[in-house]
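Accompanying notes for the structure given below.
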């Protein structure tokens, strides 16, 4: 585990000193700031972005709960919080604001050690979750399967099938083959037995079905908007609702395409 960036906030100098000395017994603690009031605490949290804050509740100007409310209003990520106070009647409210623990003064070394075990356990869970998310993202890139589907497969024990999609679409025209980079394709629509592959510069015609193209192209990038058209999701710049209730997407080349009801949710999910 990396060292835990920690801030102490208490308006009583002796209380800060005592807690600082006790935390010296924990090698994982990196004490980056000590604050004697709520305003200094806000500045220190913004500057250091700590993992953990030991926070006194009763302080002049801003109390401990006020500090958390200010951080939330400023849209600053909340660190782990352990409240430290001489009054046990604040306990319920402390947990209502999702404090990790609640310590009463004078501090008991055994209770402090228990609180540190909670901190380490919580941080380990967060690191495991980040590691799992990174693995799922990598598997999604390798298999061409979206992350939600991978998590379902892992939960059920279903094996993951690796699949790589080509970065180029080969289009045959008579005796010629044109290799079109998939990233350059804006949208594709059907015209009878042919598919029209539209790029910014030109339109290529190929004899294939929509189903065949869907199997060839990465489904995380090329998404159907209705029965006879699909778009490159990276080329979509806007989704809007017409006054008659119909949905439309606008591509980077200003082309507008209507989205049928059956594909609306998939498009909305893809462009979040």
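Where a number appears in this text, it was derived from the coordinates with a stated rule and is not lab data. What you see is a predicted model; the values in this text were computed from it and never measured. Using ideal geometry, Cβ is built from the backbone for each residue, glycine included, and neighbour counts are taken over all protein chains shown.
Output the 0 to 90 degree angle, nearest 10, between the alpha-carbon long axis of helix 38-48 and the longest principal axis computed from the alpha carbons of the chain.
Taking the Cα atoms of the chain, the angle to 38-48 is about 50 degrees.
Suppose a student asked you for the relative contact order of region 168-270, using Cα pairs under 8 Å spaced at least 6 residues apart; what percent would you report?
So the answer I get is 18 percent.
Could you let me know the centre-to-centre spacing of region 169-230 and region 13-92, using Cα atoms, in angstrom?
Distance between centres, Cα-based: 58 Å.
How would you rank 100-108, 171-179, 35-43, highest first, on the average number of other Cβ atoms within 10 Å across their residues?
Sorting 100-108, 171-179, 35-43 by mean packing, highest first, produces 35-43, 100-108, 171-179.
Rank the residues 234, 198 as a footprinting-exposure proxy: fewest other Cβ atoms within 10 Å of their Cβ go first.
234, 198
For 14, 213, what's the fewest-to-most ordering of other Cβ within 10 Å of each Cβ?
14, 213
Please give the FRET efficiency for residue 43 paired with residue 21, using the beta carbon to beta carbon distance and R0 = 35 Å, rounded to the nearest 0.05.
Once rounded, the FRET efficiency stands at 0.90.
Hey, fewest Cβ within 10 Å first, where do 210, 195 land in order?
Sorted ascending by nearby Cβ count, the order is 210, 195.
Under the rule a/c < 1.5 gives rounded, and otherwise a/b versus b/c splits prolate from oblate, where does region 204-272 land using the Cα gyration tensor?
Prolate, since a/c reaches 1.5 and a/b exceeds b/c.
On C-alpha positions alone, give me the angle between the axis of helix 147-156 and the longest principal axis of the chain, in degrees, nearest 10.
The two axes meet at around 80 degrees.
Match the structure shown to one of the listed values (i) 35, 21, 16; (ii) 26, 22, 18; (iii) 57, 21, 16 of semi-axes √(5λ) of the Cα gyration tensor in Å, computed from it, and give that label.
(iii)
In degrees, nearest 10, range 0 to 90: what is the angle between the Cα axis of helix 261-270 and the longest Cα principal axis of the chain?
50 degrees
Go ahead and set up a Gaussian network model of the chain, Cα springs under 10 Å, then flag whichever of 58, 202, 125 fluctuates most.
202
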